[in-house]
Amino acid sequence: MFEFDRRLEPPSSGGLKWDYAAAKYGAADLLAMWVAEMDFPAPPAVVEAIRRRAEVGVFGYTFSDETYTSAIVDWMARRHGWTIKPEWLAHAPGVVPALHYCVQAFTEPGDQVLIQTPVYPPFKEVVERSGRQLVGNALVADADGRYRMNMDELERLLAGGVKLLLLCSPHNPVGRVWTADELAAVGELAAAHGAIVVSDEIHADLVFAPHVHTPFARLSETVAARTVVCTSPSKAFNLAGLQSASVVIADRKLRLAYRQAVQRAFIGAPNTFALVATAAAYREGEAWLDACLAYIRGNVAILRSWVDERLPQLRFAEPEGTYLVWLDCRRLGLSNAELHSFFVQRARIAVNFGDTFVAGGDGFVRLNLACPRAVLEEALERLYAALHV
């Protein structure tokens, strides 16, 4: 019904993931499995909505109209059981810019901002580039590679004066979907020590049953009063290039502070196509998303089979959410530089390397499985061949 198996040739047009890979990695003929975007066409309803809007031929200034905001409100209620009000919504040209504006709005230079590592590299960058003090709370891996939060250390760090906690939920790159109990414990600690929580929930719609995403601000009114949730259809519906995100803030003072930070940056409303694409995705894209999740889960199963049967040097804990795998390559016994060379020069695969997600993350890579099965199977064949030359 949907074209997940179709391998696009070329895979993208002017896109970062495929077209920039050779320049970034200094090698040609790479399979691009690095940038967190899909290789699948967006849902047909989204493509059709953009086509119809383009045919109007007028592309003036925009505003967040009722069609757009109600689609977001209804999606959160239907998909996540979270009741939000339209007036809680603010805009950002992406979740990363939203994190930046939150740091600007809720902290001052020198204030402590906490991140939980390993984590998506811009978490670190938005803190350090703003002149804030970065505080790291390392996640702990169990014997099977499944990560959990170090709650004792988190409490100690929050008690030390942390003003802002940047939460990644679901987590990129380790693929955890935090349970409601885990999140409630974070909320209690944040409230006890006066920290604001900014929750990046861009992967909220990419969760595999029986796991369930819990919006952080849905936990309680007390938690919502000191929480900012950043979300977007960009990951779930492959719309990253439209550069639009929603920032949900129940508390009026926090919302005003955020909007003032956005205004200082002269950020306008969502662009024309982001408006119609978001509404179409949330109104008409659910069947596509469910099919996409099933397809990605099939890719995870294929990777598991290869690792268990043919690539025992590699290990991974199956992701509970996202389409990303945190692949443990430490059994290869390679230095960080050697691991780079192995993937890029020998296997001819572009991946994200662990040292970009956390200092000392050598031996890990992040692998993107949101690709046609033929691409994944070719990548696995290349890995096997590289290990047996």
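The values are calculated or read from the model by the stated rules, or taken from the named source; none is laboratory data. Quick caveat: nothing in here was measured; it's all calculated off a predicted structure. Please note: Cβ atoms are built from the backbone with ideal geometry, for glycine as well, and neighbour counts cover all protein chains shown.
Worth pointing out:
- Condition check for Ala217: outside any loop (DSSP other than H, G, I, E, B), buried (at least 23 other Cβ atoms within 10 Å of the Cβ) and out of contact with any Lys or Arg (no Cβ under 8 Å at 6 or more places or on another chain): yes
- Criterion violated by Gly175 - all others in (1) in contact (Cβ under 8 Å) with a residue 40 or more places away in the chain; (2) out of contact with any Ser or Thr (no Cβ under 8 Å at 6 or more places or on another chain) satisfied: (2)
- Residues in the stretch 96-142 that are part of a helix (DSSP H, G or I) and either outside the structural domain of Gly161 (by TED's automatic domain parsing) or within 18 Å of Ala257 (Cβ to Cβ) (or both): Pro97, Ala98, Leu99, His100, Tyr101, Cys102, Val103, Gln104, Ala105, Phe106, Val126, Val127.
- Checked against (1) touching a His at 6+ places or on another chain (Cβ under 8 Å); (2) farther than 28 Å from His211 by Cβ, Thr322 meets all criteria but (2).
- Annotation note: of Ala337, Ala350, the sole residue that is of a type in the set (Gly, Ala, Ser) and either closer than 23 Å to Asp200 by Cβ or under 24 Å from the mean Cα position of the chain (by Cα) (or both) is Ala350.
- Top-ranked residue in the stretch 326-361 [being of a type in the set (Phe, Trp, Tyr) and crowded, with 22+ Cβ neighbours inside 10 Å; ranked as nearest to Glu378 (Cα to Cα)]: Phe343
- Restricting Tyr323, Tyr258 to those that are touching a helix residue (DSSP H, G or I) at 6+ places or on another chain (Cβ under 6 Å), buried (at least 23 other Cβ atoms within 10 Å of the Cβ), under 25 Å from Pro173 (Cα atoms) and aromatic (Phe, Trp, Tyr) reduces the list to Tyr323.
- Among the helices (runs of 4 or more DSSP H) confined to the stretch 1-59, the ones with at least 1 residues that are modelled with pLDDT under 95 and either surrounded by 14 or more Cβ atoms within 10 Å (Cβ to Cβ) or not small (Gly, Ala, Ser) (or both) are located at 16-19, 21-25.
- Residues of the stretch 159-186 that are surrounded by 24 or more Cβ atoms within 10 Å (Cβ to Cβ) and assigned to a helix (DSSP H, G or I): Val186 alone.
- The set of residues from the stretch 355-365 being under 16 Å from Val35 (Cβ atoms) and touching a residue at least 40 places away in the same chain (Cβ under 8 Å) comprises Thr356, Phe357.
Quick grid of which residues meet (1) of a type in the set (Phe, Trp, Tyr); (2) closer than 24 Å to Leu239 by Cβ; (3) in contact with a His (Cβ under 8 Å, 6 or more places away or on another chain); (4) modelled with pLDDT of 95 or more:
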site	(1), (2), (3), (4)
Val177	no, yes, yes, yes
Asp181	no, no, no, yes
Val186	no, no, no, yes
Leu189	no, no, no, yes
Val197	no, no, no, yes
Phe208	yes, yes, no, yes
His211	no, yes, no, yes
Val223	no, no, no, yes
Arg226	no, no, no, yes
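- Those residues of the stretch 321-335 which are touching a residue at least 24 places away in the same chain (Cβ under 8 Å) and at positive phi, in sequence order: Thr322
- Out of Ser232, Ser130, sole residue that is under 18 Å from Leu324 (Cβ atoms), touching a residue at least 12 places away in the same chain (Cβ under 8 Å) and among the small types (Gly, Ala, Ser): Ser232
- From the list Ala261, Ala265, Ala269, Ala280, the lone residue that is touching a strand residue (DSSP E or B) at 6+ places or on another chain (Cβ under 7 Å) and assigned by TED's automatic domain parsing to the domain that holds Pro97 is Ala269.
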